[in-house]
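J.: Next up is a structure, given as structure tokens.
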Amino acid sequence: MSKKFANKIMAERKILSVVNEFTKHDIQLTGITAYAISAWATKINPNQNLEIIELLYKLSNLCHRLSDRSQESYESLDEEVTEKIEKIIPELRQALVLLWPNSHQ
Amino acid sequence: MKSDLYIFGSAVRGEVERDSDIDVLAIVKTDAERQRLPDSWSVYSENTVRDYFLSGRLFAWHLHLESKCIFSERETPFLEALGEPSSYVKHGEDFSDLCKILYDSLNELKTDTNSPIFEIGVVYTAIRDIAMVASTILLEKPSFSRYSPYQLPIEFPISRLIYEQAIQARLLSTRNISADVAVADVRKSLIDAPIFEWINLIGRKL
């Protein structure tokens with residue numbers, strides 16, 4: 001059970017790490033669920049940052065697929081899904097650089 | 001609606017807190033059904049659930065012991081028809097995997113991660129799940145409570161206050177709640193606590 005949980009945690013950690021390189025402590029992204037992204041979007045003014053939010057929801061859906069939509073345990077880390085996540089991360093970084101060019105810590 | 005629907009977890013135990021939600025499980029036959037269901041629900045295919053029961057996974061035992069069917073078109077709802085899961089025998093493997101997750105997250109906290117709320121939440125989840133695994137051996141009946149670490153016969157070295165904060169961090173990461181987490185205090189408490197001594201004591205008994 002938990003190897004898959006570990007893989008999902010690693011994917012989420014990587015995404016959060018990229019986003020939170022650009023954020024200050026009080027607006028850190030706390031998770032990759034739709035709820036966490038929505039709360040974060042409200043804080044950073046989503047009207048100006050649509051691309052980032054769209055990318056995050058895309059990543060959220062991919063992470064969700066890794067878990068078989070379970071809130072309790074996590075299943076089947078599909079290599080194809082992992083590759084898709086890896087491909088989106090540079091796009092996410094680029095969108096963050098455009099949004100906050102001086103905030104990279 | 002063709003899916004069987006269950007509630008499971010804290011509500012079924014009667015363990016309800018202000019931040020509790022109702023865990024809903026849908027057991028679906030097709031992917032089309034899956035797409036129509038709310039994101040917040042746990043959704044599994046019939047085959048997956050059947051596999052879990054046959055292989056005796058802890059989650060199967062959780063569902064067997066702590067779920068209530070709220071909708072089914074079958075004469076006998078799906079889980080009831082499956083009966084009792086096979087014996088849970090992977091406690092050693094699960095324990096080891098969870099310890100690794102815990103170790104990694106504590107290490108992230110020690111090295112000043114830029115996502116401390118996420119990591120504190122993972123620490124809570126790993127600790128809770130380790131205690132759940134241990135409860136299958138150390139208690140008369142498995143405990144699936146968020147407070148399972150305090151139910152074991154081995155003293156848990158983290159105060160309730162800090163543990164509650166870690167729970168809030170997990171909820172901030174996964175659900176739609178607002179909560180204040182004293183990140184610096186919780187981080188320091190988790191790093192300083194002798195968590196791996198507690199883990200070693202548990203490990204000796206498994």
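J.: Among the residues of the range B:113-125, are any over 25 Å from residue B:39 (Cα atoms), at pLDDT 95 or above and away from chain A (no Cβ under 12 Å)?
T.: For the range B:113-125, residues over 25 Å from residue B:39 (Cα atoms), at pLDDT 95 or above and away from chain A (no Cβ under 12 Å): absent.
J.: Scan the range B:163-186 for residues that are charged (D, E, K, R), under 21 Å from the mean Cα position of the chain (by Cα) and more than 19 Å from residue A:33 (Cβ to Cβ) and jot them down.
T.: B:164
J.: Another one. Please give the number of the condition residue B:131 fails out of (1) modelled with pLDDT of 95 or more; (2) buried (at least 21 other Cβ atoms within 10 Å of the Cβ); (3) hydrophobic (A, V, I, L, M, F, W, C); (4) under 20 Å from residue B:3 (Cα atoms).
T.: Unmet condition: (4).
J.: So, one more: Looking at residue B:158 and the list (1) closer than 24 Å to residue B:201 by Cα; (2) of a type in the set (Val, Ile, Thr); (3) part of a helix (DSSP H, G or I), which single condition is not satisfied?
T.: (3)
J.: Does the range B:43-63 hold any residues that are over 15 Å from residue B:2 (Cβ atoms) and in contact (Cβ under 8 Å) with a residue 24 or more places away in the chain, and which are they?
T.: B:50, B:52, B:53, B:54, B:55, B:56, B:57, B:58, B:60, B:61, B:62, B:63
J.: For the range A:53-79, how many residues are among the aliphatic types (A, V, I, L, M) and modelled with pLDDT under 90?
T.: 3
J.: From B:195, B:162, B:158, grab the single residue that is buried (at least 16 other Cβ atoms within 10 Å of the Cβ), more than 14 Å from every other protein chain (Cβ to nearest Cβ) and closer than 21 Å to residue A:6 by Cα.
T.: Matching residue, one of B:195, B:162, B:158: B:195.
J.: Yes or no: residue B:136 touching a Pro at 6+ places or on another chain (Cβ under 6 Å) and farther than 21 Å from residue B:20 by Cα?
T.: yes
J.: Give the range B:104-131 a look and list any residue that's assigned to a helix (DSSP H, G or I) and of a type in the set (Asp, Glu), or say none.
T.: Hits for the range B:104-131 are B:104, B:108, B:119, B:129.
J.: If you go through the range A:1-41, how many residues are free of Cβ contacts under 8 Å to residues at least 60 places away in the same chain, among the aromatic types (Phe, Trp, Tyr) and more than 7 Å from chain B (Cβ to nearest Cβ)?
T.: Result for the range A:1-41: 1.
J.: Ok, one more. Go through (1) buried (at least 17 other Cβ atoms within 10 Å of the Cβ); (2) within 11 Å of chain A (Cβ to nearest Cβ) and name the single condition residue B:143 misses.
T.: (2)
J.: Output the helices (runs of 4 or more DSSP H) that fall wholly within the range B:30-87 and possess 1 or more residues being touching a helix residue (DSSP H, G or I) at 6+ places or on another chain (Cβ under 8 Å) and either surrounded by fewer than 13 Cβ atoms within 10 Å (Cβ to Cβ) or within 14 Å of another protein chain (Cβ to nearest Cβ) (or both), or say none.
T.: B:46-55, B:58-65
J.: Consider residue B:11 against the criteria (1) in a helix (DSSP H, G or I); (2) at pLDDT 90 or above; (3) within 12 Å of chain A (Cβ to nearest Cβ): it satisfies all of them except one. Which criterion is unmet?
T.: For residue B:11, the failing item is (3).
The values are calculated or read from the model by the stated rules, or taken from the named source; none is laboratory data. This one's a predicted model, so the numbers in the text were calculated from it and none came from an experiment. Every residue, glycine among them, receives a Cβ derived from its backbone with ideal geometry; neighbour counts consider all protein chains shown.
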